[in-house]
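Values in this text are rule-based calculations from the coordinates and carry no lab data. Small disclaimer: the values here were computed from a predicted structure and weren't measured. Cβ coordinates were reconstructed from backbone atoms using ideal geometry, including for glycine residues, and neighbour counts include every protein chain displayed.
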Amino acid sequence: MTDETQLNDETKMSGGTAGMVARFFTEIAIIEQLARTKLERVLPDGMKEPHFGVLNHMMRLDKSSTSPAELASTFQVNRSTMTNTIQGLEAKGYITLSPDPVDGRAKVLRITAAGRGAREKALMEVMPLFASIVDELGADIFQGIMPELEKVRTFMDENR
């Protein structure tokens, strides 16, 4: 058996499994698009989803500072895209950007009190949108699926 044949045998999925996996990721993509659209409709002060994503990421992980390169890697976008997002946050006073004291070529991004407040305000605006989903579908659906989604996310994150 050649290496190519062995690889093909190991990576083959039955048509039913391939279709199911495709449907799984299609559903996630559609849910993400619907949630993003709802989110951007209620974000305060002209904030966009990438701005909220950075603020939420930093606060969720209790990161007082990070680098633009780290953020670009985390969000899997190129550095110029992250630079654009950071510039928007900096213009609103939600973050500060300063030279890294260890590596003068690098920058350090810090969330400000205004950034923390904007993130909290955004969460307050978003919660009613998602509360209606929980009211209709029940909390059990989310509790049941979270461990499985976390497994998929963890696997994909570890194997990027």
message = Given points 7 Å out from each Cα along the Cα-Cβ axis, report the E70 to D103 separation in nanometres with one decimal.
response = 1.2 nm
note = Residues whose modelled amide H sits under 5 Å from the amide H of T112, counting only those 5 or more places away in sequence or on another chain, are I95, T96
task = For the chain, find the longest principal axis of its Cα atoms and tell me its angle to the long axis of helix 113-137, 0 to 90°, nearest 10.
result = 40 degrees
note = Taking a crude spin-label model, label points 7 Å out from Cα along the C-beta direction, the E27 to S80 distance in nm is 3.8 nm
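Any idea how many Lys pairs in region 46-158 come in under 20 angstrom at the alpha carbon, given 8 or more places apart or on separate chains? Let's see the in-between values first.
Numbers: K48/K92; K48/K121; K63/K92; K63/K107; K63/K121; K92/K107; K92/K121.
Final tally of qualifying lysine pairs is 7.
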request  = Treat each spin label as a single point 7 Å out from the Cα along the C-beta direction, and report the K92 to E40 distance in nm.
outcome  = 1.3 nm
message = For Cα pairs less than 8 Å apart in space and 6+ apart in sequence, what is the mean separation divided by the residue count of region 84-160, i.e. the relative contact order in percent?
response = 17 percent
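Helix-derived [θ] at 222 nm for the chain: sum -39500 (n - 2.57) over DSSP H runs of at least 4, divide by residue count, nearest 500?
Details: 7 runs with 114 residues, N = 160.
Calculated at 222 nm, the ellipticity per residue is -23500 deg cm²/dmol.
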note = Rounded to the nearest 10 degrees, the helix 49-60 long axis (Cα) sits at an angle to the longest Cα principal axis of the chain of 90 degrees
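For the chain, calculate the relative contact order in percent as a whole number, restricting contacts to Cα pairs under 8 Å that are 6 or more residues apart. List each step's numbers first, then the result.
Details: 98 pairs, mean separation 31.5, N = 160.
20 percent.
How large is the dipole of region 46-158 about the Cα centre if only Lys and Arg carry +1 and Asp and Glu carry -1, each at its Cβ, rounded to the nearest 20 debye?
Once rounded to the nearest 20, the dipole reads 600 debye.
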remark   = Ranked output for segments 95-108, 48-61 by mean other Cβ atoms within 10 Å, highest leading, reads 48-61, 95-108
Semi-axis lengths (Å, descending) of the ellipsoid that matches the C-alpha gyration tensor of the chain = 34, 25, 13
note = Rounded to the nearest 10, the angle in degrees between the Cα long axis of helix 79-91 and the longest principal axis of the Cα atoms of the chain comes to 40 degrees
note = For K107, the residues 5 or more places away or on another chain with a placed amide H closer than 5 Å to its own amide H are D100
